[in-house]
1. Can you compute the helix-only [θ] at 222 nm over chain A? Use -39500 (n - 2.57) per DSSP H run of at least 4 residues, normalise by all residues, nearest 500 deg cm²/dmol.
2. Peptide B:63-72: average number of partner chain Cβ atoms within 10 Å per residue?
3. Just to check I understand the Karplus step: with θ = phi - 60° and J = 6.51 cos²θ - 1.76 cosθ + 1.60, what whole-Hz values come out for the stretch B:191-207, glycine and proline as x?
4. Semi-axes of the equivalent ellipsoid for the protein assembly as shown, please: Cα gyration tensor eigenvalues, times 5, square-rooted, ordered largest first, whole Å.
5. Under the definition of partner shielding as Cβ atoms of other protein chains within 10 Å of a residue Cβ, what is the mean value for peptide B:99-106?
6. Run the dipole for the stretch B:226-291 about the Cα centre, Lys and Arg Cβ at +1, Asp and Glu Cβ at -1, nothing else charged, and hand back the magnitude in debye, nearest 20.
7. Tilt of helix B:135-147 relative to the longest C-alpha principal axis of chain B, in degrees (0 to 90, nearest 10)?
8. Report the local net charge at residue B:284: Lys and Arg +1, Asp and Glu -1, summed over other residues whose C-beta lies under 11 Å from its C-beta.
Amino acid sequence: MNYKLNAIKTISKRRIFETVISPGFYVATAAGLFLGYYLLSGFLDSVDSGGLNFSLHPVYNQIVEILSGAFGITFVEKLFSEGPFVFVLFVSFIPVFLYHAINTVFKFGFEKNVGALELLMYGPSDGTCFFLSFFIKDVLFTVIYIFTLALFFYLSSVINNLVLGPMFYFSLLIIFFLAVSGYSYGILASVLSGNAATSVALFSGIVVFFVILQIGSFAITGDYVKNLTNVIMWFIKWISPFFYMDIGLSAALYGNFFLFLLSILSILIISAVLLLISHFVLKVKGVRP
Amino acid sequence: MIQTRNLTKKFGNFTAVDSLELNIRSGEIYGFLGPNGAGKTTTILMLLGILRPTSGDIYLFGEKFSSRRLDLKQKLGVVPEKHPAGMWKWMTAGEYLVLFADLYGIKKSDIRIKHLLQKVDLLEVKNKRMKDFSRGMLQKLSIVRALLPDPDILFLDEPIAGLDPIGIKQVRDFILSENREGRTVFISSHLLSEMEKICHRVAIISDGTLRAEETMDTLLSKFSREKEVQVDLEEIPDNLCSKLKELDFIIDASRQANTLVLKIPPDRDYRKDISRFLIQRELIPLRLYEKSISLEEVFTMITGQDTEKPIDSPENNIETSIDSGEKNEL
């Protein structure tokens, strides 16, 4: 066990160092923060003497229209119930999440393909140590980024005299666990695939599928398609982190703390199961592409 | 040191390795030979815990080995045939070795890294990125990495493939010096002449089955049905061959220009008898050399494949000509 812990610690340290020296990490972080700043200032532009009026800002107007069409007006109301921060938080988080997730999926697939993973296996390490090191790196940078966002929005709220409500803090938690499950799906996709390209394609496919399914249950108006989507959704929703995110946000909005915790626990269980499956798949399939 | 018992690996209906029983002894240089597709790589991957056997057991230092035994893996140093790219490419040699030293939990790794890099003449490129390394440099760096934990066994897969003659000599000398210091070496290679020079014992597998596992001398003598002695003379009298054939230890005698070609039994050294016979007839041997069977020839006989021809060549058969053996001059 000591060998495993040491291997995880050593490879994680290397991954963290690689991320810190990679320009992509800074580009993704800057993009996230810029999006946050842009959307926040856009929200402030949408406020007039009569209150909040999204039509004053063309981009916001468009965003709200798309979100209402995709997720329903209730979702939009939930999102903006305490001002702009929950929405802006989600949007600013996307570039950094995608950077870490896709970077891990690509590198895992690539290194497995070229034999770098096998080389580690010659020493006191195994496939599980390898993917856990990626996972730890991603989780660590996600925590750091969430703290950065929290600080950024806190300062923005102070400067602009806006309130950071409890939904924002609940969303910070939800977003973190959502990312954790995303990284777990990424690792499973890498373990199942033979090379970097198929790993990224499979991971993207999983994410897009869950998003479409989530949007589909709100957006589709045709009865037959809607019924079909609902049937599929009923089976798939249990493994979709977005399903628990939705429950968690609703629970937070209506003050049901127990349900909120339950949704987070569910996301954690999904993540743990995905990592466990990855461990067994690697064990059976081996580390060769 | 390493033992396999009924080691078998199947991929679907195809049996890649069939009931293999290897026995690698402490302190020896063990050559693992076989044609392409014989099951060599599959066996090595099982011995290293990368592939799980379908059945059978592997014992390392008397203990049952599996991929989960990271403590036993610590005692193995592995040099793969090709150094993988990936995350290593952008590292300097020093960073790469520190990473592995940390993985092995080596304390004060700087001293050991410096010592090993010095040993293979790579100290001056310690801070150079690995993407700029030649194949030979990567191979030497790979050996240094494998030696970091001071392993009891060094596994080398095609360690000299693709190296220039100087690189081959350096790697060969390094293997021999490591073995002299007491390290057991397991080598898999296609370069049979090199294997013959350095291995104490060899195993030959073909179609996933062990065909032979012997010391080099035993293996070569087992397959020597006759030896060839060539004698250069200033002039060869017409009746000399027929006179030589009358000797009880001469199987056959013929001439090629001013060279006598004699076939003799492999049981003992007849060169003195031949010299005596010639000198009695006032014929002075200018040069006398014995050509014994080579590992390559034994390999060809065992596997039925000519090492110089494609594996599936129809010309491959057990009767392949024997003319590439090493010459031992008297």
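Throughout, read-outs are computed from the coordinates displayed, never taken from laboratory work. For clarity, every value in this text was computed on a predicted model and none was experimentally measured. Here Cβ is always computed from backbone atoms with ideal geometry, including for glycine, and neighbour counts include all displayed protein chains.
1. -28500 deg cm²/dmol
2. Going residue by residue through B:63-72 and averaging, the value is 3.
3. Running phi through 6.51 cos²θ - 1.76 cosθ + 1.60 with θ = phi - 60° gives 7, 5, 5, 5, 4, 4, 6, 10, 7, 7, 9, 9, 10, 10, 10, 8, 6 Hz.
4. 71, 24, 20
5. 6
6. Charge dipole of the stretch B:226-291: 100 debye, to the nearest 20.
7. 70 degrees
8. Within the 11 Å Cβ shell, the charges total -2.
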